[in-house]
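Report on the following structure.
The values are calculated or read from the model by the stated rules, or taken from the named source; none is laboratory data. Because the structure is a prediction, the values reported are computed rather than measured. Glycine also receives a Cβ, built like all others from the backbone with ideal geometry; neighbour counts cover every protein chain displayed.
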Amino acid sequence: MKIIRYRTKNRKPGYGWLLDNKVGPIKGDIFGTYQRGEAKTSLDKVQLLAPVVPGKIICVARNYAAHAKEHNAVVPEVPALFFKPPTAVIGPDQAIVLPPQSQHVEQEAELAVVIGKAGRWIDLADANKHILGYTIANDVTDRVFQREDLLWTRGKGFDTFAPIGPWIETDFNTADAIISCRINGDLRQMASTRDMVFLVEQLIAFASSFMTLLPGDILLTGTPEGVSKLEAGDIVEIEIEGIGKLTNPVIQSERVQ
């Protein structure tokens, strides 16, 4: 099932579900008990929002060996985790804003896991029980600040630096799905989820060994090689086989430095 967050002129932001390009409302808690209404509204009549409002965004560095190599970095022996702030989240078709103080911002196409059930010390064998579904994310990064700072908070944390969407796919196989990214139609990234160093279940078990995962938390699973500089006017399209496509334009901040 595809779960969306959306709004219309007559409806405040809320959850829904998608069936053959028709949208139906969801009443209740998508992380608990809910009911699906009839899917009768055309998808092109609604505005899709980021499919979840995360409490925290957990990211994994260098989880594809080829990406580590393109930055002359070693592949971690254990998952290297960091955070992005929830204020960085935007939804489909919303603009990635290049900050006035930035010199070199890049895209990072990633599979994102949406946590559906709280857990601490989650066993590897039980990890899938804590997943609501999967979506697409772009771990937008200011590469200069990432290299200059001791920690990556500034380089990863600007507003609009976490596009997510277009929906949560609850029926998805992570074993061998193609992740691709195109900038203005030109292919920049392409790899399979089978190339991940640490699998989704391993990442959930590891992260939950030192922090509680809560419903709505998002886990970004790393990016393949091929990251590249973004320019104002670019259109970023990230596609994951079995989920869909996330599209975001790139604009320059209007604020003077």
| field | First in the stretch 236-254 and on the phi > 0 side of the Ramachandran plot, second anywhere and of a type in the set (Asp, Glu) and surrounded by fewer than 17 Cβ atoms within 10 Å (Cβ to Cβ), Cβ under 9 Å, 6 or more apart | value | Gly242/Asp171
| request: State the number of residues belonging to the stretch 185-196 that are surrounded by fewer than 19 Cβ atoms within 10 Å (Cβ to Cβ) and β-branched (Val, Ile, Thr). | output: 0
| Do you know which residues across the stretch 129-154 are closer than 20 Å to Glu225 by Cβ, in contact with a Phe, Trp or Tyr (Cβ under 6 Å, 6 or more places away or on another chain) and buried (at least 22 other Cβ atoms within 10 Å of the Cβ)? | Val140
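Across the stretch 105-149, what is the total count of residues that are over 30 Å from Asp234 (Cα atoms) and out of contact with any helix residue (DSSP H, G or I) (no Cβ under 7 Å at 6 or more places or on another chain)? Can you show your working first?
As a first pass, look at the stretch 105-149 and keep what is over 30 Å from Asp234 (Cα atoms): 115-132.
If we keep only those that are out of contact with any helix residue (DSSP H, G or I) (no Cβ under 7 Å at 6 or more places or on another chain) too, we end up with 118, 120-121, 125-126, 129, 131-132.
Residues in the stretch 105-149 being over 30 Å from Asp234 (Cα atoms) and out of contact with any helix residue (DSSP H, G or I) (no Cβ under 7 Å at 6 or more places or on another chain): 8 in total.
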| remark: Note on the stretch 129-171: residues over 25 Å from Thr212 (Cα atoms) and either part of a strand (DSSP E or B) or within 13 Å of the chain's Cα centre (by Cα) (or both) are Val140, Thr141, Asp142, Thr160, Pro166
| Regarding Leu219, is this residue at pLDDT 95 or above, closer than 27 Å to Gly16 by Cβ and in a strand (DSSP E or B)? | yes
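Would you check if Arg182 is under 17 Å from the mean Cα position of the chain (by Cα), of a type outside the set (Phe, Trp, Tyr), surrounded by fewer than 22 Cβ atoms within 10 Å (Cβ to Cβ) and not in a loop (DSSP other than H, G, I, E, B)? So that I can check it myself, show each step before the final result.
Values: under 17 Å from the mean Cα position of the chain (by Cα): yes; of a type outside the set (Phe, Trp, Tyr): yes; surrounded by fewer than 22 Cβ atoms within 10 Å (Cβ to Cβ): yes; not in a loop (DSSP other than H, G, I, E, B): yes.
Spelling it out, Arg182 is indeed under 17 Å from the mean Cα position of the chain (by Cα), of a type outside the set (Phe, Trp, Tyr), surrounded by fewer than 22 Cβ atoms within 10 Å (Cβ to Cβ) and not in a loop (DSSP other than H, G, I, E, B).
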